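Asker: Okay, here's the structure, questions in a sec.
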Amino acid sequence: MTDFKMEAAKTALQFIKPGQTIGVGAGSTIANLLGLIAAESNLSASLSFATSSFKTGQLISQHNFKLIGNEQVKHIDIYFDGCDQFDAQLNALKCGGGIHTSEKIMASLADEFILIGDASKSVEKLDATYPLVLEVLPAALHLVNKWLSVFMPNAKVNMRMSTQKDGAVITENGNYLLDVFFGEVLPLDKMNALKMVPGVVEHSLFVGLASKAIIAGEDGVKILEPKHYI
Ligand code: 5RP
């Protein structure tokens, strides 16, 4: 059976030029891409890497690639990342990892942000399968919960809890994560506006950031660009 995530990674590799600084997010497609880069020793020796993900950082170290610390990253040529789902305009939901704040910083810092994955990620319109994740300052937890209950009363809000220890998941920034299930798709600008609630550090919807998506499926590999409706 064809490994579609590997096929997408192979096409992504073709976008990388010697000497570039490459940003990478989390997930199995990214791990495939790093493995392919490692097989090209001249290329890999010339590259610098930055990552939004602890796990991917470990992988970069195992490959002995040059890793730039997040606070030192001034410029990224291409940022590659997976997602849970993206729509025809390449607006993406990145919910599973809970690291969307650093992912969004890297995607915004990069000259180009390319989504990679298998074709199951591609939908015409985002649906309600995945929650919108809010990274919330601890001091704002009650305010944000109250705001959601007043202005989005149909939303189901779950604080993300650790499965490995008693207590909430704490982000690398010392904050909480709230998984917000809307039950129906809200207009993207309404979801995007949640950033304006005091104490919401960042949410997991990436609007207008990706310039390409490389996806592989039964129809082969496709390189998609944002579809704009007039
Ligand atoms: C998590 C993400 C990951 O990038 C995504 O889940 C990775 O997917 P895959 O393992 O299919 O490459 O956005 O929020």
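Asker: So which aspartates and glutamates pass the test for Lys104, namely a Cα distance under 16 Å, with those fewer than 8 places away in the same chain ruled out?
Answerer: Answer for Lys104, where 16 Å is the Cα cut-off: Glu71, Asp77, Asp81, Asp84, Glu112, Glu135, Glu172, Glu202, listed by chain and number.
Asker: Give me the percent relative contact order of the chain, please, defined on Cα pairs under 8 angstrom at least 6 residues apart.
Answerer: Relative CO of the chain lands at 23 percent.
Asker: Counting only helical runs of four or more DSSP H residues, what would the 222 nm mean residue ellipticity of the chain come to if each run contributes -39,500 (n - 2.57) and the total is spread over all its residues? Write out the running numbers ahead of the final one.
Answerer: Values: 7 runs with 62 residues, N = 230.
About -7500 deg cm²/dmol.
Asker: Continuing with the same structure: From the phi angles alone, apply the Karplus equation (6.51, -1.76, 1.60; θ = phi - 60°) to the stretch 74-83 and give each ³J(HN,Hα) in whole Hz, x where the residue is Gly or Pro.
Answerer: Values per residue, Gly and Pro as x: 9, 8, 10, 6, 9, 10, 9, 7, x, 7 Hz.
Asker: Then there is this: Given DSSP loops and a limit of at most 11 other Cβ atoms within 10 Å, what is the longest stretch of the chain that contains no such trypsin sites (Lys or Arg not before Pro)?
Answerer: 1-73
Asker: Looking at this model, which pairs from Lys74/Lys156; Lys125/Lys195; Lys190/Lys227; Lys5/Lys125 are more than 29 angstrom apart at the alpha-carbon?
Answerer: Beyond 29 Å between Cα atoms: Lys74/Lys156.
Asker: While we're on this one: Taking a probe of 1.4 Å, how large is the accessible area per residue of the chain, in Å²?
Answerer: Counting only protein heavy atoms, the per-residue value for the chain is 50 Å².
Asker: Roughly what % of Cα-Cα distances in the stretch 1-149 sit above 22 Å, to the whole percent?
Answerer: Counting pairs separated by more than 22 Å, the tail of P(r) holds 42 percent.
Asker: Read phi for every residue in the stretch 149-154 and hand back ³J(HN,Hα) as whole Hz from Karplus 6.51 cos²θ - 1.76 cosθ + 1.60, θ = phi - 60°, with x for Gly and Pro.
Answerer: Per residue, the Karplus-derived 3J(HN,Hα) values read 5, 7, 9, 9, x, 7 Hz.
Asker: Between the alpha-carbon centers of the stretch 1-54 and the stretch 166-230, tell me the distance in whole angstrom.
Answerer: Between the Cα centres of the stretch 1-54 and the stretch 166-230 lies a distance of 22 Å.
Asker: Which percent of the accessible area of the chain is formed by carbon and sulfur heavy atoms (probe 1.4 angstrom)?
Answerer: Summing carbon and sulfur atoms, their accessible area is 54 percent of the total for the chain.
Asker: Length gain on complete extension for the stretch Lys10 to His142, per 0.36 nm per residue less the alpha carbon to alpha carbon distance?
Answerer: 43.0 nm
The values are calculated or read from the model by the stated rules, or taken from the named source; none is laboratory data. Given the structure is predicted, the values throughout are model-derived calculations rather than measurements. Neighbour counts run over all protein chains shown; Cβ positions are idealised from the backbone, glycine included. Side chains are part of the model used for accessible areas, which takes the heavy atoms of the whole protein and leaves out ligands, DNA and RNA. Shrake-Rupley method; radii C 1.70, N 1.55, O 1.52, S 1.80 Å.
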